[in-house]
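See structure below.
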Amino acid sequence: MLFSASSRRLPLFRLALASVWLLAGSTALATTPDAAQRAAFKQAYAAAQQGGDGWQALAKNLHDYPLYPYLLAAALQHDIEQADRTRVEAYLAQYPDWIPASDLRRAFLQELARRQDWSGFLAMYQPGLGDALSCDALQAHLASGAKLDFQRDLAALWTRASLPSACDPVLTAAHDQGLLTDERLWTRIDRAADASQAGTVASLAEWLPTRDRTTALQLALALRDPAAALADALHWPDGTRQRVAVTEALTRLARRDSNGADTVWRQLKPRFHLNEAQRTKIQQTLALFHATDFDDGALARLIALPAAAQTDSTREWRVRVALAAQNWDAVLEGIQAMPASQQQDGEWQYFLARALAATGHPAESQQQFASQASQPTFYGFLAADQLGQPYAICPLTPADDAQREQQLLAMPGLLRAFELYAVDLPKLARREWTHALRGSDTATQRVAADMANRRGWYDRAVFTLSSGDALRFYALRFPLASQDGLVPQAEQAGIEPSWAYGILRAESAWMSDARSGADARGLMQLLPGTAALVAKRNGLDWAGGDSLYDPATNIALGTRYLAQMAARFNGSPWLASAAYNAGPNKVDQWLAARGTLPTDLFVASIPYKETREYVARVMAFSVIYDWRLNGDSVVPLSTRMDAIGKPYTLPNDSTLRRAVSCPAVGPVVSTAP
């Protein structure tokens, strides 16, 4: 342990040791650290995270290393249960503006709250550290005999739809003081219901009178189990909040069972006197999810919606259903029914051109395609293919700005960010980056992104250069990163490198430590279980889920999994992209329902917004990466998106390619949402 029993009996010794620690590591970075220092830091940091004093021997030559204070903080954090205020406060005093100091303060406050050392807690507490610590601070005041004041102490917390468990004792005290009136309880219950926080609704219901409690629990049930709530609703009274619960339950059920929701709605409509807004919401939601199911009559239902029930989503799906039916007159009418702002979306501009061509307006169609073909996007590339004209990609190169770069190199926080990335701590590096550049102007951020890119930290440019003319910094936004071996791995797997690059860029934006809520990891976002099966199938080494954070390992496995998906769908990269995102079984279902459609219409009819946009993004990225890899001509997007069911042949020397040029520089539309 970092603090032994004997050291607790020697406060003077402890203070002296703390002083030595804090004075060390305060020297500003004078030169770029070398490989030996970085290797030593990695070892020492790993040891510090395990607790104890072993890290100090490993760090004996690192006192001037710019990240040395991270070692001190890591050791203190690990042994926080044995830490005392003297050592923690000494660190905070020495590094008041450092991110590890902020983390350490938060962790030690949590520990003091666990110990119920409320006097120590209040001595170190600072407002603005989150709801949990705010509630701990209120507990500390309660422990001293203070009373709560609702407006002063609880009003801000009361606006939250959910609160951490640390707030439970405070809310109980507020209830016992009589501060949680029925009116206040219902205010927060209604707010929680709007945010779909069934747990909050149910917990607050316990403080209501019996009749009101039943009503609140009906609302919680509508959020948790819409089908069960609607079955019970046949016996509910026609009360104001019961109507809210019925509306919520019906709209939720419609998302997964539009026909079932229709049936229940017919049963409940005569029983509950819903207001116009509630009826409109139900009507709108039923129409929308019948459309996403492509049910018979869905188009007519969307067209018949009253104006008050029309939204961007219902208007969008009116067009998608018409496209799936190849009803081009209805496509035109649907696009014309959109507000001007929605019509300007590249997807609808493209399909307007398609509809004009299909309804006998070739000149107008050509003009519309020409307008869209100037954009380096999925629909822009498809429009160029319709016209047989070059793709419009107009790259920019960042201007040299030596003076601004020197100014950035004088920023300790940014240097720490670069160094944290160099020692494979990208999450901490991103925090330092954000902290260092907060409030900086666009030009400064662009120079910093270029500096990061030259250091192999590619995701900074992807996230920084995301609007306006910065979208034309293609070399920064679409890096090739040859050191990670993507091209040879893709070729060995039998897939196009440009497509594999497109998948990687869409999946992680080059964040090697990316991890999704579903536990997909690394550059190509592989699930550990999937990666293990792919490794076994292909005879590749497998060292467990954390190995997916190694770019080379992730790419080797990711390219093989892409090849596996492509093989399932006749080699088709665009269908394999859909399967990579939504799962192959879903794609099989969509193919069974609408597999005779042309490819662009099939993409438009994918029910999942995420997958629709993912396919468009990946395929556009594939074109851009083809250009990055091969120069001034690329495989046409329409070639990569060949007809459903037709075997896809990998491009070769005889494959026709489309020229890339920059005929004119206009506003660039992002290739990603």
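Dipole orientation for the chain: of the candidates Tyr648, Val201, Tyr125, Val201 has the Cα lying most toward the positive pole (charges on Cβ; Lys, Arg +1; Asp, Glu -1).
Its DSSP H runs of at least 4 residues, each contributing -39,500 (n - 2.57), put the calculated 222 nm mean residue ellipticity of the chain at -18500 deg cm²/dmol, to the nearest 500. Put simply, the amide H of Leu526, placed in the peptide plane, has neighbours under 5 Å in Arg521, leaving out anything fewer than 5 places away on its chain.
For a distance above 24 Å, tell me the whole-number percent of Cα pairs in region 234-330 that qualify. Distances greater than 24 Å cover 23 percent of the Cα pairs. Note on region 190-243: with charges restricted to the Cβ of Lys and Arg (+1) and Asp and Glu (-1), its dipole about the Cα centre is near 60 debye. Projected onto their three principal axes, the Cα atoms of the chain cover extents of 91, 71, 49 Å, largest first. Rounded to the nearest Hz, the phi-derived 3J(HN,Hα) couplings of region 544-549 under the Karplus curve 6.51 cos²θ - 1.76 cosθ + 1.60 (θ = phi - 60°) are x, x, 5, 5, 6, 7, where x marks glycine and proline.
Where in region 74-93 does the label zone of Lys427 land, with the point 7 angstrom along Cα→C-beta and an amide N cut-off under 20 Å? From region 74-93, the list is 74-81.
With the simple model of a label 7 Å out from the Cα in the direction of the Cβ, Ala146 to Lys42 spans 4.8 nm.
Each Lys and Arg Cβ is given +1 and each Asp and Glu Cβ -1; about its Cα centre, the chain then shows a dipole of about 540 debye.
When the charge dipole of region 168-314 is built from unit charges on Cβ atoms (+1 for Lys and Arg, -1 for Asp and Glu) and taken about the Cα centre, the candidate among Ala229, Phe272, Thr314 whose Cα reaches farthest toward its positive end is Phe272. Taking the Cα atoms of region 352-488, the ratio Rg/Rh between the radius of gyration and the Kirkwood radius comes to 1.16.
Pairs of C-alpha atoms in region 402-470 farther apart than 15 Å represent 47 percent of all such pairs.
Which order, highest average first, do 439-448, 196-205 follow once you tally other Cβ atoms within 10 Å for each residue and take the mean per peptide?
196-205, 439-448
Of the trypsin sites (Lys or Arg not before Pro) found in region 89-176, the ones in coil according to DSSP and having at most 13 other Cβ atoms within 10 Å of their Cβ are Lys147. In this label model, Thr31 and Glu89 are separated by 4.0 nm, measuring between points 7 Å along each Cα→Cβ vector. In plain terms, the C-alpha convex hull of region 54-142 casts an average shadow of 6.0 nm² when viewed from every direction. In this Cβ point-charge picture (+1 for Lys and Arg, -1 for Asp and Glu), region 482-656 has a dipole of about 500 debye about its Cα centre. Within the set Lys427/Lys586; Lys269/Lys586; Lys281/Lys646; Lys147/Lys427; Lys281/Lys427; Lys536/Lys586, which residue pairs have Cα atoms separated by over 31 Å? Over 31 Å apart, Cα to Cα: Lys427/Lys586; Lys269/Lys586; Lys281/Lys646; Lys147/Lys427; Lys281/Lys427. Approximating the spin labels as points 7 Å out from Cα along Cα→Cβ, the Glu276-to-Ser467 distance works out to 3.7 nm.
Readers should treat all values here as calculations from the given coordinates under stated rules, not as data from a laboratory. All of these numbers come straight from a predicted model, not from anything done at the bench. Neighbour counts are summed over all protein chains in view; Cβ atoms, including those assigned to glycine, are modelled from backbone coordinates with ideal geometry.
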